[in-house]
Amino acid sequence: MCGINSMKLGPPIEVFAVNKAYLDDTHPDKVNLSIGAYRTDEGKPWVLPVVRKTELQLANDETLNHEYLPVLGLEAFSSAATSMLLGADHSAILEGRAFGVQTLSGTGALRVGAEFLARQLGYKTFYFSQPTWENHRLVFLNSGFTEPREYRYWDANNRTLDLNGFLEDLQGAPENSVIILHACAHNPTGCDPTHEQWEKIAQVIEEKKLFPFFDSAYQGFASGELEKDAWAVRYFASRGLEMVCAQSFAKNFGLYNERVGNITVILKDKQDLIPVKSQLTLTVRGMYSNPPNHGGRIVATVLNNPQLYDEKESIRTMANRILSMRSGLKERLQRLGTPGTWDHITSQIGMFSYTGLSPRQVEHLVNNYHIYLLKSGRINMCGISTKNIDYVAKAINETVL
Ligand code: PLP
C-alpha cells in the first residue's frame, strides 16, 4: 500500500509534453512536428468530407437512438472493419474463422487483445520492436503480461531495418511469446519490412511457435491504398497462423477523439470461434462494458455503402500530401548541401520520419527555431507545409552544419 500523500509524480508523456510546449510558445514561426495527427497544408486538423457527410445523415436519422450497443459493439462495424483488414474474400473470413470486436480505438484493441491473451490464455512474454510506439509496453504490462522484451528492428547506422537482428531475436524467443508487429508505417521509424522480409519473419514466427499480434494504426496512410497497406496481415493470415490484429480508425478516418477501433481475431479452427467470442465478451464486460456508438456507426456506414466508400479517397489525399512533403524536404536539404544522406526521408513511409537528428540537435531546433519534435528525432511529416518547409529545411541545415 502507498498512501495518496506519499505518491510520486508520474513521468511526463513526452509527446503530450512537447505538444503543450508548442501550444504555449508564442513565436510566430513555431512549427509542431511532434503529435501524430494529420494536418492540412494550412496546419489545420481535417474532418474528412465523407465523414462530415455521413455525420449529417446520421444526425437526421430519427430511427437512431442512444441505447447501449452490445458488449462486442456494432456488428455492422466490426465485420466491415475485419473485411477492410483482410479483404472480404479472404479464406479466414469465408471459412468463418475470423471475427472482429469493436474497441476503444487502436489502444483499446491492443488492451482487449493483450488482456485476453494474458488473463484467459496465460501468455506472459511479449516482444516489441526497438524502437516502438511508446505505449506498447505500458498497455501490455497493464493487461497482465509480466515479461517485456525487445527485438532489434532499427539499424541506426544505415538507417534501415536490422533484419538479421530481428530474426535472431525471434529465433531466441521462448515458445508462446507474443510478438507485436506494426502492420505498416512503423511508428516511429517509418521503415517497414519488404514482402520478402515479411516472409522470413513469418517463417520464424511459425517455426518457433510464437504468437503474432499486429498493430494496424495506419492502414491506407502508408501508400494511400488500404489493400497494399494490409499486405503483411493478409499474408500471415493466409499462412493459416492464429493471430490477432488491433485496428485504429483514428488516422485513416480522422476520427481521433471518437475512439473507433477493432480487434480482428483469426483462428485456425472455426469451432473455436464461439467460445473465444464468449470469453472476449467477459474481457470487455469487465473493462468498459460496451463501446460508444458514434464513430463506429460512421465507419460502418461508409464501409458498407459502396458509393460512400469510393468517396474515401481522402486517404489518398492525406497520403499524397505526406509523400510530397517528404520529397520536398529531402530536395531542399540536398540543395542546401546539408551534411549526411537524406534518402531515408523518402524511403520511409507513413506519417513519421526518423530523421537521425540527435537529442542535442533536437534541443537546438526547439530552442533556436521553435520547431518541436521528439527527442528521438522523430518528426510528423504532416506538421510540414508548403508555408514552413523552407524554414524547416534551413533550420535543420544550420543545426546539422
Ligand atoms: N499503435 C500505433 C503504432 C500508434 O502509432 C497509435 C497512435 O498513435 C496507436 C496504436 C493507437 O492509436 P489510437 O488509440 O488513437 O487509435
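The values are calculated or read from the model by the stated rules, or taken from the named source; none is laboratory data. Since this is a predicted model, take the numbers as computed values, not measurements. Cβ sites come from the backbone with ideal geometry, for glycine too, and all protein chains shown count toward neighbours.
So which residues in segment 85-107 are out of contact with any strand residue (DSSP E or B) (no Cβ under 9 Å at 6 or more places or on another chain) and within 16 Å of the ligand (Cβ to nearest atom), if there are any at all? The answer is none; no residue qualifies.
Tally time: how many residues in segment 113-143 are charged (D, E, K, R), within 14 Å of the ligand (Cβ to nearest atom) and part of a helix (DSSP H, G or I)? Break it down stepwise before answering.
Taking segment 113-143 and keeping what is charged (D, E, K, R), we get 115, 119, 124, 134, 137.
Okay, now just the ones that are also within 14 Å of the ligand (Cβ to nearest atom), so 134, 137.
In the following step, the residues that additionally are part of a helix (DSSP H, G or I) were identified as 137.
Number of matching residues: 1.
Looking only at residues of segment 250-268 that are in contact with a strand residue (DSSP E or B) (Cβ under 6 Å, 6 or more places away or on another chain) and more than 14 Å from the ligand (Cβ to nearest atom), we find that the one that is farthest from residue 51 (Cα to Cα) is 266.
In this structure, is residue 296 within 16 Å of the ligand (Cβ to nearest atom), in a helix (DSSP H, G or I) and in contact with a strand residue (DSSP E or B) (Cβ under 6 Å, 6 or more places away or on another chain)? Against the criterion (within 16 Å of the ligand (Cβ to nearest atom), in a helix (DSSP H, G or I) and in contact with a strand residue (DSSP E or B) (Cβ under 6 Å, 6 or more places away or on another chain)), residue 296 qualifies. Checking the conditions here, which among 277, 209 is among the basic types (Lys, Arg) and under 29 Å from residue 130 (Cβ atoms)? Checking each option against the conditions leaves just 209.
Checked against (1) in contact with a strand residue (DSSP E or B) (Cβ under 8 Å, 6 or more places away or on another chain); (2) on the phi > 0 side of the Ramachandran plot, residue 141 passes all but condition (2).
When residues in segment 364-375 are screened for being surrounded by fewer than 19 Cβ atoms within 10 Å (Cβ to Cβ) and under 20 Å from the mean Cα position of the chain (by Cα), 1 of them pass.
Name every residue in segment 275-293 that is in a loop (DSSP other than H, G, I, E, B) and surrounded by fewer than 23 Cβ atoms within 10 Å (Cβ to Cβ), in order of residue number. Reasoning before the result, please.
Going through segment 275-293, the residues in a loop (DSSP other than H, G, I, E, B) turn out to be 286-293.
Passing the criteria: 286, 287, 288, 289, 290, 292, 293.
Within the group 279, 271, 247, which residue is within 15 Å of the ligand (Cβ to nearest atom) and on the phi < 0 side of the Ramachandran plot?
Details: 279 fails: within 15 Å of the ligand (Cβ to nearest atom); 271 fails: within 15 Å of the ligand (Cβ to nearest atom).
Within the list 279, 271, 247, the selection yields 247.
Could you list, in sequence order, the residues of segment 157-183 that are among the hydrophobic types (A, V, I, L, M, F, W, C) and under 18 Å from residue 197 (Cβ atoms)? Residues satisfying the conditions are 161, 163, 166, 167, 170, 173, 179, 180, 181, 183.
Condition test on residue 55, is it acidic (Asp, Glu) and in contact (Cβ under 8 Å) with a residue 60 or more places away in the chain? Break it down stepwise before answering.
On the way: acidic (Asp, Glu): yes; in contact (Cβ under 8 Å) with a residue 60 or more places away in the chain: yes.
In short, yes.
When segment 155-193 is filtered for residues that are over 25 Å from residue 120 (Cα atoms) and among the β-branched types (Val, Ile, Thr), the ones remaining, listed by number, are 160, 189.
Just one of the listed residues (206, 196) is away from the ligand (no atom under 16 Å from the Cβ) and farther than 30 Å from residue 340 by Cβ, namely 206.
Of the residues that make up segment 301-318, is at least one closer than 21 Å to residue 104 by Cα, of a type outside the set (A, V, I, L, M), away from the ligand (no atom under 16 Å from the Cβ) and in contact (Cβ under 8 Å) with a residue 12 or more places away in the chain? Step through it out loud before you land on a result.
Initially, segment 301-318 is screened for residues closer than 21 Å to residue 104 by Cα, giving 301-304.
If we keep only those that are of a type outside the set (A, V, I, L, M) as well, we get 301, 304.
Filter again for away from the ligand (no atom under 16 Å from the Cβ), leaving 301, 304.
Checking the rest, the ones that are also in contact (Cβ under 8 Å) with a residue 12 or more places away in the chain come to 301, 304.
Yes, segment 301-318 contains at least one residue that is closer than 21 Å to residue 104 by Cα, of a type outside the set (A, V, I, L, M), away from the ligand (no atom under 16 Å from the Cβ) and in contact (Cβ under 8 Å) with a residue 12 or more places away in the chain.
Counting only strands (runs of 3 or more DSSP E) that sit wholly inside segment 169-274, those with at least 2 residues that are of a type in the set (S, T, N, Q) and under 29 Å from residue 294 (Cα atoms) are 243-248, 260-266. Among the residues of this structure, residue 110 counts as one that is modelled with pLDDT of 95 or more, within 27 Å of residue 200 (Cα to Cα) and within 16 Å of the ligand (Cβ to nearest atom).
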